[in-house]
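Beneath this line is the structure, given in structure tokens, with notes to follow.
The values are calculated or read from the model by the stated rules, or taken from the named source; none is laboratory data. It should be emphasised that the depicted structure is a prediction, and the values quoted were computed from it without experimental measurement. Cβ atoms come from the backbone with ideal geometry, glycine included; neighbour counts cover every protein chain shown.
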Amino acid sequence: MRELGAMDDEGNLLTPDFFKTPEQGAATSVLLAGSPPLDGVTGRFFSDNQEAEAVRGGPDATAGVAAWSLDPSAADRLWDYGTAAWHPRD
């Protein structure tokens, strides 16, 4: 925990400024669950109460959603793969 910066040398838990409170962490889910204008919206990614921006992705990305995550054909392939794994053919 110390090496991760979550605990000081005396064993006290630390809360870095960039951590969210539970309320902040839940805010986007609550917004999506209770907002009539977003009723039926699917296949999109949201963060901090906003639709996430598509970004290049990779290990250096710190915000947004990787553009490949929005690819409908990739989603179909993943769905087919998952379905086959749960229902193997004889």
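Can you confirm whether the stretch 17-26 contains a residue that is under 28 Å from L78 (Cβ atoms), surrounded by 10 or more Cβ atoms within 10 Å (Cβ to Cβ) and within 16 Å of the chain's Cα centre (by Cα)? So that I can check it myself, show each step before the final result.
So the first thing to find is which residues in the stretch 17-26 are under 28 Å from L78 (Cβ atoms), and the list is 25-26.
Right, trim to surrounded by 10 or more Cβ atoms within 10 Å (Cβ to Cβ) and you get 25-26.
Within this subset, residues satisfying the condition of being within 16 Å of the chain's Cα centre (by Cα) are 25-26.
Yes, the stretch 17-26 contains a residue that is under 28 Å from L78 (Cβ atoms), surrounded by 10 or more Cβ atoms within 10 Å (Cβ to Cβ) and within 16 Å of the chain's Cα centre (by Cα).
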How many residues does the stretch 55-90 contain that are within 22 Å of F18 (Cα to Cα) and either surrounded by 10 or more Cβ atoms within 10 Å (Cβ to Cβ) or aromatic (F, W, Y) (or both)? 6
May I ask you to list the residues in the stretch 54-66 that are of a type in the set (G, A, S) and not in a strand (DSSP E or B)? G57, G58, A61, A63, G64
M1 versus (1) hydrophobic (A, V, I, L, M, F, W, C); (2) closer than 29 Å to L78 by Cα; (3) touching a strand residue (DSSP E or B) at 6+ places or on another chain (Cβ under 7 Å): which is the lone unmet condition? (2)
Pull out all pairs, ordered by first then second residue, where Cβ-Cβ is under 7 Å, the residues are six or more apart or on different chains, the first lies in the stretch 5-28 and is modelled with pLDDT under 85, and the second is surrounded by 11 or more Cβ atoms within 10 Å (Cβ to Cβ). G5/L14; A6/L14
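Can you pull out every residue in the stretch 67-81 that is of a type in the set (D, E, K, R) and part of a helix (DSSP H, G or I)? Lay out the reasoning, then the answer.
Quick first cut of the stretch 67-81, residues of a type in the set (D, E, K, R) only: 71, 76-77, 80.
Passing the criteria: D76, R77, D80.
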Please name all residue pairs, on different chains or six or more residues apart, with Cβ atoms under 6 Å, provided the first residue is in the stretch 68-79 and is closer than 14 Å to T42 by Cβ and the second residue is in a helix (DSSP H, G or I). none
